[in-house]
Amino acid sequence: MDQRPSSPAGGPSEPAPRPSRQLPGHIAAALAGSGGATDSAGQPWAGRSLAGEDAKIHNFEDDDGTADAGYVAAVAALRSATGDESAVVASLAAARVFVPIVAQLAEEGEAAAAHTDTLHGDKQADMALVTLKAPDGRTAMPVFTSAAALESWHPEARPVAVYAARAALSAVAEGAELLVVDPGSEYTFVVRRPAVWALAQQRDWLPSYADPELAEAMGEATAGYPPVRRVELEPGGGVASATASGAVVPGGGPGPELRVVLYLEDGLDASGVQSIVAGLNAEWSRNAVFAERVDSIEVKLQRAAE
C-alpha cells in the first residue's frame, strides 16, 4: 500500500499504515485449482508455439474482437459523471478482455565448451504473459477490451481472449496488484488491488471510500483514543484519472484511493499527535477488513470543531 499522506491546512500529516497482503483463502484455493496463469480453457501460456492452431487470436466463438458493450457504456457513464467506477468494475465481471502474450526465445542445450567456444542446442519460442511496472513500482497486468486496441499498443503481441475474472486470477498468480485496461488508448482504466481480488472471486466490489463496513471498522479502532473525535473516509487524490486529451474522469486512477480524515481535539502537541496516529496505524494494519479492502491511503489531520 502506498504511503502518501496529504498536508491539511493548518495541520500536520502522518504516514499511512501498510495492511497485510496475505491472499484470502478463496483466492488461494482458486489459484491452486487453476494451475496459475492460464487461458480461458485452463491451458498455460508457457510452452506454446507461434504456429498452427496455437496462433489463433482467441477461443471465443463468434467473437468479432470489439469492446464489450457493457464496459463501453459503463465507461461512458463514468466519463460523463453519471456513473461510478464500481459500475465499471461490475461491467468487467461479465466482459471478455484480451490478454497480450509475446514470444520469448527459450534456449536449450547451451553449454560452455573449451577455449571459450559456446555450443548451442535447439531453440524454441515460448509464449509469456506481459506485465508492466506501475510508477509506484508495483506490478500491473495490461488487458484490452478489443483486439484493435491491443494491436495498436503492441503489434507483435498475440491477443488471447479470456473473461476478466480469469485475467484477474492470472494477475494474482503473476503477483500483479493492478489490472490496466486499454493502456495507450484514449482512456485507460486502472483496476486497483481490492477490485482485482473481487473480480478473481467473482463477487461485487465496493470502493473503500464508499464502504460502510470499512468505515465502521476504522472508526471502532479509535475507541481507545479519546482525542480523536471522529473519522471520515473520502475518495483519495488518486481516484480520478484522465483521458489522453486531458479530460478529468472521476474514477479509474491508480490511487491513493482512500483519504482518511482524523478530526482531533485542539491542544495536542506534536508528540501526542504522533502517538495517536502510530497507534491507529497499528490497529488498522491488524484489521482483516482493512487489509483486504484498502489499496492505498492518505491520512489527513483536522482540528475538530468545538
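The values are calculated or read from the model by the stated rules, or taken from the named source; none is laboratory data. In this text, all values refer to a predicted model and were calculated from it rather than measured experimentally. Cβ sites come from the backbone with ideal geometry, for glycine too, and all protein chains shown count toward neighbours.
What to note about this one:
- The set of residues in segment 255-306 that are of a type in the set (Gly, Ala, Ser) and either in a loop (DSSP other than H, G, I, E, B) or touching a Cys at 6+ places or on another chain (Cβ under 8 Å) (or both) comprises Gly255, Gly267, Ser296, Ala304, Ala305.
- The residue of segment 78-89 that is farthest from the chain's Cα centre (by Cα), among those that are surrounded by 15 or more Cβ atoms within 10 Å (Cβ to Cβ) and without any contact (Cβ under 8 Å) to a residue 60 or more places away in the chain, is Gly83.
- Checking every residue in segment 90-101 against the condition of being over 21 Å from Val160 (Cβ atoms) and either surrounded by 18 or more Cβ atoms within 10 Å (Cβ to Cβ) or among the hydrophobic types (A, V, I, L, M, F, W, C) (or both) gives at least one match.
- Residue check for Ala215: in the same structural domain as Gly279 (by TED's automatic domain parsing), in a loop (DSSP other than H, G, I, E, B) and either under 28 Å from Asp136 (Cα atoms) or aliphatic (A, V, I, L, M) (or both): no
- For Ala288, the requirement of being surrounded by fewer than 16 Cβ atoms within 10 Å (Cβ to Cβ), of a type outside the set (Lys, Arg) and over 17 Å from Pro194 (Cα atoms) is not met.
- Restricting segment 199-216 to residues that are of a type in the set (Gly, Ala, Ser) and at pLDDT 95 or above, the residue that is surrounded by the most Cβ atoms within 10 Å (Cβ to Cβ) is Ser208.
- Qualifying residue in segment 170-181 (condition: more than 19 Å from Asp64 (Cα to Cα), touching a Gly at 6+ places or on another chain (Cβ under 7 Å) and not hydroxyl-bearing (Ser, Thr, Tyr)): yes
- Inter-residue pairs, beta-carbon under 6 Å, first β-branched (Val, Ile, Thr) and in segment 278-306, second in a loop (DSSP other than H, G, I, E, B) and at pLDDT 90 or above, 6+ apart: Ile297/Pro256
- Tallying residues that are buried (at least 20 other Cβ atoms within 10 Å of the Cβ), in contact (Cβ under 8 Å) with a residue 60 or more places away in the chain and closer than 20 Å to Pro135 by Cα within segment 217-258 yields 11.
- Residues located in segment 205-221, provided they are small (Gly, Ala, Ser) and within 15 Å of Pro194 (Cα to Cα): Ser208, Ala210
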